[in-house]
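A.B. asks: Take this structure, written in structure tokens, and hold onto it; I'll ask about it next.
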Amino acid sequence: MSKCSKTNKWGDIDMGKRFTAAFASALLAGTALAQAETITIATVNNGDMIIMQALSGAFEAAHPDITLDWVVLEENVLRQRVTTDIATGSGQFDVMTIGTYEVPIWAQQDWLVPLETLPADYDLDDVLAPVRDGLSYDGTLYALPFYAESTMLYYRTDLFQAAGIEVVDQPTYEQVRDWAAAVHDPANDVYGICLRGKPGWGENMAFLSTMVNTFGGQWFDMDWNPTIDSPEWREAIGFYVDLLNSYGPPGASSNGFNENLALFSTGKCAMWIDATVAAGMLSNPDQSQVVDTLGFTATPIAVTPKGSHWLWSWALAIPASSDAQDAALEFISWATSKEYIQLVGAERGWVSVPPGTRASTYANPEYQAAAPFAQFVLDAIQTTDPIDNTLNPSPYTGIQYVGIPGFQAIGTQVGQMIAAALTGQMSLDEALESAQRSTERTMRQAGYLR
Amino acid sequence: MTKQHQDKLMITGLAWFVAVVIFFPLFWMLLTGFKTETEAVTTPPSLFFAPTLENYEEVMRRADYFKFAWNSIFISGVATLVSLMLAVPAAYAMAFFPTKRTKSTLLWMLSTKMLPPVGVLMPIFLLFRDMGLQDTQIGLIIVYALMNLPIVVWMLYTFFKEVPREILEAGRMDGALPKDELYHLLVPLSLPGIASTALLSIILCWNEAFWSLFLTTSDATPLTAFIASFSSPQGLFWAKLSAASTMAIAPILVFGWMSQKQLVRGLTFGAVK
């Protein structure tokens, strides 16, 4: 047998060449050619971003030398994709959609282009100060805010009225628990309160970090020791687990923003504490069945108002590896300008304009008329302070996150343990203890602790 | 009712049950694509509703479906051809001229599938960057062809082993060279097997979502990237995502439907002698 294989030749050279040539030409025909003045924009599939994509024809008409190429990705995929791209300097993107968490960290690594010279009519002073500060590093701006959000409490006015509850401007968590108990009606498929339970640094931990802050706790002390086993954490997380288990919907540990949005908009939740951006969605009759019974008030507090509601902004930044930085700056200045907000107002209605970024939006009577929640959102954003974020001094910036590179992993891991406490797989003490231990380990590995 | 009859009834019932369990998610996806976003998340879910095409309209308005679909078809097709061109001679050699290392070579090839793709993300990403292969169809074709090669070789190897060696030997007696044996005897004899291997490879390429999301940006993006763009972190998206997913699986579903005869023949090839 082996003799046979040795005595006969394998290759049919002519045939091989023919195949190679045919395939090479087929493959080359399919590869794309790069274009000079095209800017590639990586973004997420949020309502406001989709409107930007739809209206971007106006930008292209005004800038015939610039073509826009959109890459829309799922949020987690976008983060991984953009991080890989930027860390290896491969320059696939000219504009990136990133958040307040990434901007200072990436700016420190020199991954982003500093935005020192903006067009004269941009009016940077019109951008709300907390948002501007959140997108700066060392006093320099590195991204322009497309929209910004904080948190607020949504409730059903009809259910509250029926239960005789008077909602106050600044509720406490104790009051929220009493209200939840009064309106909880699982027999009719209405649950007292919906909160995030899905594990993840941007899911349950975003909400729970604000809750821990207002209960007087924090992630780390001034020496970067985790304080998850502190009484404040125990009280905050214990309150959350008890509240959600008593008055929450079944399967709350798998509910994130979207799941709760679906529940609240179909009338299954009496209360919901989450991002202010949901106000526009819940006020849209195409997406919501509770438009006429939607009430809102400030995010509840416990012992301190510090860090009780978050600040997040989806912003547009230019990676240092981009080879079309001038065109990219033109685009991001346009997409975050007053002119763009006017365009959305005129084309899509004022309730659809990107919220939370500019004082001029909130001063606009048309916006005030279209968005009854406008003042709440403005107040919520104006009262956030990512630096003075906790009752006792903390070494980090960020309200619902800690602005250090390893936080995504830490937050998600702790989030999983708290979700386990919520479902009863772990006791509260076990969950907090193991969260403390794993965070200590990660911080030690990262060199924060010895 | 005889025992035999009862058994037959039970097996038929079981087959129907398994089929329904497998088909139900697809059916639900199809149904959800015709609902509004609010209807899509309503509990209890509604089976009867006024169907709407608005999700399909929106999906078509927001993305160039045909560009994504063409990329998927071209990349899956060419990658499968490339892996077959490499695997047919390899499997032929391993099936008919084995050495003492053939078995361990086969196992070693399969072991490369056990490494999670993310483990080699960085080296491949850097290679692609330096070779200018990012966001090109040829780049994905290379990755897919190599990624599926172990499975394709294995499948072909088992199919070729089913072919009686006497037929090849008879050919050799008549003066056929190995390439004649391969192209004129072995390939035609095991065509159902090769066809089902090709089908499996196409399906694997079509569904691959890790490399396609990391190595492409906009020019070479296949349908997996198309689907990924309809998932939203803030806002209801299930109806549009279902419409996009239905459109993404439609071509491969039709293709699978049309070639199911080949597939079944291939999978049962050599089962009854």
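The values are calculated or read from the model by the stated rules, or taken from the named source; none is laboratory data. From a predicted model like this one, the values you see are computed outputs, not experimental measurements. Positions of Cβ are backbone-derived with ideal geometry, glycine not excepted, and every protein chain shown enters the neighbour counts. Keep in mind that these areas ignore ligands, DNA and RNA; they rest on the heavy atoms of the full protein, side chains included. Shrake-Rupley method; radii C 1.70, N 1.55, O 1.52, S 1.80 Å.
A.B. asks: Working carefully through the options B:Phe23, B:Phe74, B:Phe17, B:Phe27, find the one that is in contact (Cβ under 8 Å) with a residue 12 or more places away in the chain and under 28 Å from the mean Cα position of the chain (by Cα).
C.D. replies: Every option except B:Phe74 fails the conditions.
A.B. asks: Search segment B:234-251 for residues that are more than 28 Å from B:Ile202 (Cβ to Cβ) and pair each with any residue that is basic (Lys, Arg) and open to solvent by less than 10 Å² (accessible area, probe 1.4 Å) when their beta-carbon atoms are under 7 Å apart and the residues are at least 6 apart or on different chains.
C.D. replies: Sorted first by the residue in segment B:234-251, then by its partner, the pairs are B:Ala239/B:Lys35.
A.B. asks: Testing B:Ser231 on (1) over 19 Å from A:Val82 (Cα atoms); (2) within 14 Å of chain A (Cβ to nearest Cβ); (3) without any contact (Cβ under 8 Å) to a residue 12 or more places away in the chain, one condition comes back false. Which one is that?
C.D. replies: In the conditions (1) over 19 Å from A:Val82 (Cα atoms); (2) within 14 Å of chain A (Cβ to nearest Cβ); (3) without any contact (Cβ under 8 Å) to a residue 12 or more places away in the chain, B:Ser231 misses (1) alone.
A.B. asks: Whether any residue in segment A:62-77 is farther than 15 Å from B:Phe226 by Cα, within 11 Å of another protein chain (Cβ to nearest Cβ), at pLDDT below 90 and surrounded by fewer than 18 Cβ atoms within 10 Å (Cβ to Cβ) is what I want to check.
C.D. replies: yes
A.B. asks: If a residue has to be out of contact with any Leu (no Cβ under 9 Å at 6 or more places or on another chain), open to solvent by less than 20 Å² (accessible area, probe 1.4 Å) and farther than 30 Å from A:Glu339 by Cβ to count, how many in segment A:128-167 make the cut?
C.D. replies: Count: 2.
A.B. asks: Only residues in segment A:404-430 that are more than 14 Å from A:Asn204 (Cα to Cα) count as the first member; pair them with residues that are charged (D, E, K, R) and assigned to a helix (DSSP H, G or I), Cβ under 8 angstrom, at least 6 apart or cross-chain, and list the lot.
C.D. replies: A:Leu428/A:Arg234; A:Asp429/A:Arg234
A.B. asks: Restricting attention to segment A:176-210, report how many residues are without any contact (Cβ under 8 Å) to a residue 12 or more places away in the chain and small (Gly, Ala, Ser).
C.D. replies: 1
Residue-by-condition table, conditions (1) over 30 Å from A:Tyr101 (Cβ atoms); (2) within 14 Å of chain B (Cβ to nearest Cβ); (3) surrounded by fewer than 24 Cβ atoms within 10 Å (Cβ to Cβ):
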residue: A:Ala181; (1), (2), (3): yes, no, yes
residue: A:Pro186; (1), (2), (3): yes, yes, yes
residue: A:Asp189; (1), (2), (3): yes, yes, yes
residue: A:Ile193; (1), (2), (3): no, no, no
residue: A:Arg196; (1), (2), (3): no, yes, no
residue: A:Pro199; (1), (2), (3): no, no, yes
residue: A:Val212; (1), (2), (3): no, no, no
residue: A:Gly216; (1), (2), (3): no, no, yes
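A.B. asks: A further question follows. Got a sec? Which helices (runs of 4 or more DSSP H) wholly within segment B:183-273 have at least 2 residues that are modelled with pLDDT under 90 and either of a type outside the set (A, V, I, L, M, F, W, C) or more than 17 Å from B:Phe68 (Cα to Cα) (or both)?
C.D. replies: Fully inside segment B:183-273 and qualifying: B:191-207, B:238-258, B:260-267.
A.B. asks: Name the residue that is nearest to the chain's Cα centre (by Cα), counting only residues in segment A:221-280 that are on the phi > 0 side of the Ramachandran plot and modelled with pLDDT under 95.
C.D. replies: A:Gly251
A.B. asks: I'd like the residue in segment B:100-119 that is out of contact with any helix residue (DSSP H, G or I) (no Cβ under 6 Å at 6 or more places or on another chain) and surrounded by 13 or more Cβ atoms within 10 Å (Cβ to Cβ) and, out of all such residues, is farthest from the other protein chains (Cβ to nearest Cβ).
C.D. replies: By that ranking, first place goes to B:Leu106.
A.B. asks: Could you grab me the full set of residues in segment B:167-185 that are under 21 Å from B:Gln262 (Cβ atoms) and out of contact with any helix residue (DSSP H, G or I) (no Cβ under 6 Å at 6 or more places or on another chain)?
C.D. replies: If the condition is that a residue be under 21 Å from B:Gln262 (Cβ atoms) and out of contact with any helix residue (DSSP H, G or I) (no Cβ under 6 Å at 6 or more places or on another chain), then B:Tyr183, B:His184 are the ones that fit.
A.B. asks: Next up: Based on what the data block shows, is B:Trp206 open to solvent by 10 Å² or more (accessible area, probe 1.4 Å) and touching a residue at least 24 places away in the same chain (Cβ under 8 Å)?
C.D. replies: Here the answer is yes, as B:Trp206 does meet what is asked.
A.B. asks: Please report, ordered by residue number, the helices (runs of 4 or more DSSP H) entirely within segment A:337-428 with at least 1 residues that are within 18 Å of the chain's Cα centre (by Cα).
C.D. replies: Correct list: A:374-382, A:407-423.
A.B. asks: Please determine, by comparing only the residues of segment B:55-86 that are charged (D, E, K, R) and assigned to a helix (DSSP H, G or I), which one is most open to solvent (accessible area, probe 1.4 Å).
C.D. replies: It comes out as B:Arg61.
A.B. asks: From the list B:Phe24, B:Phe49, pick out the single residue that is surrounded by fewer than 16 Cβ atoms within 10 Å (Cβ to Cβ) and part of a helix (DSSP H, G or I).
C.D. replies: Going through B:Phe24, B:Phe49 in turn, the sole match is B:Phe24.
A.B. asks: Considering (1) over 19 Å from B:Met94 (Cβ atoms); (2) within 12 Å of chain A (Cβ to nearest Cβ); (3) crowded, with 19+ Cβ neighbours inside 10 Å, say which one B:Leu168 fails and leave the rest.
C.D. replies: It fails just one condition, (1).
A.B. asks: Which members of segment B:132-157 meet the condition of being more than 14 Å from every other protein chain (Cβ to nearest Cβ) and loosely packed, with under 15 Cβ neighbours inside 10 Å?
C.D. replies: B:Leu146
A.B. asks: Going through segment A:320-336 one residue at a time, which ones are in a helix (DSSP H, G or I) and of a type in the set (Val, Ile, Thr)?
C.D. replies: A:Ile332
A.B. asks: Residues of segment A:87-97 being more than 7 Å from chain B (Cβ to nearest Cβ) and surrounded by fewer than 24 Cβ atoms within 10 Å (Cβ to Cβ), which ones?
C.D. replies: A:Ala87, A:Gly89, A:Gly91
A.B. asks: Looking only at segment A:285-309, which residues are at the interface with chain B (Cβ under 10 Å from one of its Cβ atoms) and either assigned to a strand (DSSP E or B) or open to solvent by 20 Å² or more (accessible area, probe 1.4 Å) (or both)?
C.D. replies: Within segment A:285-309, A:Pro285, A:Asp286, A:Gln287, A:Gln289 meet the criteria.
A.B. asks: Hey, another quick one. How many residues, within segment A:403-417, are closer than 20 Å to A:His309 by Cα and either touching a Leu at 6+ places or on another chain (Cβ under 8 Å) or surrounded by fewer than 24 Cβ atoms within 10 Å (Cβ to Cβ) (or both)?
C.D. replies: 6
A.B. asks: Could you tell me how many of the residues in segment A:263-278 are under 9 Å from A:Tyr154 (Cα atoms), part of a strand (DSSP E or B) and not charged (D, E, K, R)?
C.D. replies: Residues that pass the stated criteria total 3.
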